[in-house]
């Protein structure tokens, strides 16, 4: 289905120059005042322009311009619109794509002065000369494909909203989606019912009320001495069918109370619930309808506002359904519930530059992976991990933890050291289920503009760190580490080394199968290993990776049982009830880790 695939926003409020790709249903996340609302407002202005004020200009001396690329405009979709619109738009479509730009040069300009341009697909460059200004009929043709959007603000006051014209209010626009079929079905019947009123009350009526004729005659007679030859006619307009349906609104009643009240008599929570319930109902209705040639933008700020988690989940499902039935949905949210697993990697993160105050739109995790990770299997691995822990979208910083023990116990350790939960400091702890995707994930988060750090077991320094260039192949400390492990293997036949001198598992070894993690932990316990392991630790700290010098987190915590809840739960309870130094065997190292993770923690 056709949709607005890419947008570039220039000089609009905090958006000096930003660009973003849009899908059928696009979540936008970011802190308050980052510019999410400005992005949604720019999208609405692009589809249905109104004259912008000076406060809408980032720089009042420069024009506001929003450029959009529409895709999916193949013959099947164009066949669904009127011939007069199709013939106007077809010359500018190539391979189903249409490039449109809307520009306002100065604040307060008349609507007729706002330029609408389309790009000539026969030109090879993208200069201003390739843009054709206001081609005849093109605006109406665009409206046939993208009618006026529905915008729902975050803290919108329904009482104020109700004072607007019904066809411009949020509720009015939502209700119009339901009343259209009723108007089509009963319009002729209502017109026939209104005809007698038109004849009786309007100035041109054929059977006007006697009281109105009396006014006409007597008022005209009173006017004659002042202005002879002019006749007065009292006209009482009768609403059209469109007027009647356009004035539709919501009334409410409560169980146990007979009174029917205005929608605006309810509190914000109830009002928001009704708005989102209409969205949910609209999704159900549209799912049963046939495809439409139109694609209406649905722009919502914080759809989760005032709703309980179960209702939030229903709204998210409804928005996804609407995105497949005639709507393109873009919403800004602060709730992880509104971003499901599949949507996490395509969610847009909006940030504000602390120095300039300008809005920045980061690439999605999927785009960052495409740019940073060439191997498809590694991309899929990293993508799966990111999708399954979408809380990182709402965090300032991310800690990538290699193993399950870190993911389970670190939140409690962090709180025991600082008295704060990781989320209180904007920290999300993300598990990858192994070290293989750690370097790629570091690159992805940096591309997204999220501060990221990682934890790794000691064997990471000899394997993945070398493979990804974090430690040089001929690093002197790495050579010393492998030399000492070779000496261990010479005296321990259960240790098997590969051709590069790294420990490896060997189930066929008759002397035993000592796993690499066990070998590295044994090496770390030897007196000669300590300075070497510490040197490797500090080298990786420069790459935002914390290397466990004792082998793994279990060694530093003093955990000796299985790596599962049977060991973690009692340890967690001790952290909550006993002094930290009494619970954690290497409390100095673990406390230093926590301080490294805190905001402003030293990188090395």
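The values are calculated or read from the model by the stated rules, or taken from the named source; none is laboratory data. This one's a predicted model, so the numbers in the text were calculated from it and none came from an experiment. Don't worry about glycine lacking a Cβ; one is built from the backbone with ideal geometry, like all the others, and counts go over all protein chains shown.
Residues that are closer than 18 Å to residue 46 by Cα and either touching a helix residue (DSSP H, G or I) at 6+ places or on another chain (Cβ under 6 Å) or free of Cβ contacts under 8 Å to residues at least 12 places away in the same chain (or both) within segment 110-130 comprise 112, 113, 116, 118, 119, listed in sequence order. For segment 589-600, taking the residues that are in a loop (DSSP other than H, G, I, E, B) and touching a residue at least 12 places away in the same chain (Cβ under 8 Å), the one that is nearest to residue 412 (Cα to Cα) is identified as 598.
Would it be correct to say that residue 122 is part of a helix (DSSP H, G or I), at pLDDT 85 or above and over 20 Å from residue 149 (Cα atoms)? So residue 122 does not fit the description; no. Go through (1) in contact (Cβ under 8 Å) with a residue 24 or more places away in the chain; (2) more than 30 Å from residue 278 (Cα to Cα) and name the single condition residue 227 misses. The single condition residue 227 does not satisfy is (1). Yes or no: residue 472 part of a helix (DSSP H, G or I) and within 21 Å of residue 520 (Cβ to Cβ)? Considered against the rule, which asks whether it is part of a helix (DSSP H, G or I) and within 21 Å of residue 520 (Cβ to Cβ), residue 472 comes out as no. Kindly check whether there is at least one residue in segment 220-228 that is at pLDDT 85 or above and under 30 Å from residue 265 (Cβ atoms). No; the residues of segment 220-228 include none that is at pLDDT 85 or above and under 30 Å from residue 265 (Cβ atoms). Just one of (1) crowded, with 20+ Cβ neighbours inside 10 Å; (2) in a loop (DSSP other than H, G, I, E, B) fails for residue 543. It is (1). For segment 560-588, name all the residues that are part of a loop (DSSP other than H, G, I, E, B), modelled with pLDDT under 95 and surrounded by 15 or more Cβ atoms within 10 Å (Cβ to Cβ). Matches in segment 560-588: 563 only. Of the residues screened, residue 559 is not one that is in the same structural domain as residue 421 (by TED's automatic domain parsing) and in contact with a strand residue (DSSP E or B) (Cβ under 9 Å, 6 or more places away or on another chain). Taking the conditions (1) crowded, with 21+ Cβ neighbours inside 10 Å; (2) without any contact (Cβ under 8 Å) to a residue 24 or more places away in the chain in turn, residue 473 satisfies each one other than (1). Consider residue 33 against the criteria (1) on the phi > 0 side of the Ramachandran plot; (2) at pLDDT 95 or above: it satisfies all of them except one. Which criterion is unmet? For residue 33, the exception is condition (2). When segment 546-559 is examined, which residues are found to be in a helix (DSSP H, G or I) and surrounded by 20 or more Cβ atoms within 10 Å (Cβ to Cβ)? Result: 553, 554, 555, 557.
Looking for whichever is in contact (Cβ under 8 Å) with a residue 12 or more places away in the chain, within 28 Å of residue 366 (Cα to Cα) and part of a helix (DSSP H, G or I) here; the options are 466, 452. Which one fits?
On the way: 452 fails: part of a helix (DSSP H, G or I).
Only one candidate passes the filter, namely 466.
The one condition from (1) surrounded by 18 or more Cβ atoms within 10 Å (Cβ to Cβ); (2) under 30 Å from residue 20 (Cβ atoms); (3) touching a helix residue (DSSP H, G or I) at 6+ places or on another chain (Cβ under 7 Å) that residue 287 does not meet is (1).
State yes or no: is residue 507 surrounded by 13 or more Cβ atoms within 10 Å (Cβ to Cβ), in the same structural domain as residue 476 (by TED's automatic domain parsing) and free of Cβ contacts under 8 Å to residues at least 24 places away in the same chain? Working first, answer last.
Working: surrounded by 13 or more Cβ atoms within 10 Å (Cβ to Cβ): no; in the same structural domain as residue 476 (by TED's automatic domain parsing): yes; free of Cβ contacts under 8 Å to residues at least 24 places away in the same chain: yes.
So residue 507 does not fit the description; no.
Answer yes or no as to whether residue 310 is over 24 Å from residue 1 (Cα atoms), in the same structural domain as residue 43 (by TED's automatic domain parsing) and crowded, with 21+ Cβ neighbours inside 10 Å. The answer is no for residue 310.
Of all residues in segment 516-535, which are within 44 Å of the chain's Cα centre (by Cα) and either part of a strand (DSSP E or B) or in contact (Cβ under 8 Å) with a residue 12 or more places away in the chain (or both)?
Of segment 516-535, the ones within 44 Å of the chain's Cα centre (by Cα) are 516-518, 520-521, 533-535.
Listed by number, the residues that qualify are 516, 517, 520, 521, 533, 534, 535.
Picking from 466, 452, which residue would you name as being in contact with a strand residue (DSSP E or B) (Cβ under 9 Å, 6 or more places away or on another chain) and assigned by TED's automatic domain parsing to the domain that holds residue 557?
On the way: 466 fails: in contact with a strand residue (DSSP E or B) (Cβ under 9 Å, 6 or more places away or on another chain).
Result of the check over 466, 452: 452.
Sort out which residues of segment 591-604 are modelled with pLDDT of 95 or more and either closer than 17 Å to residue 538 by Cβ or more than 38 Å from the chain's Cα centre (by Cα) (or both), and write them in order of number. Within segment 591-604, 592, 593, 595, 596, 597 qualify.
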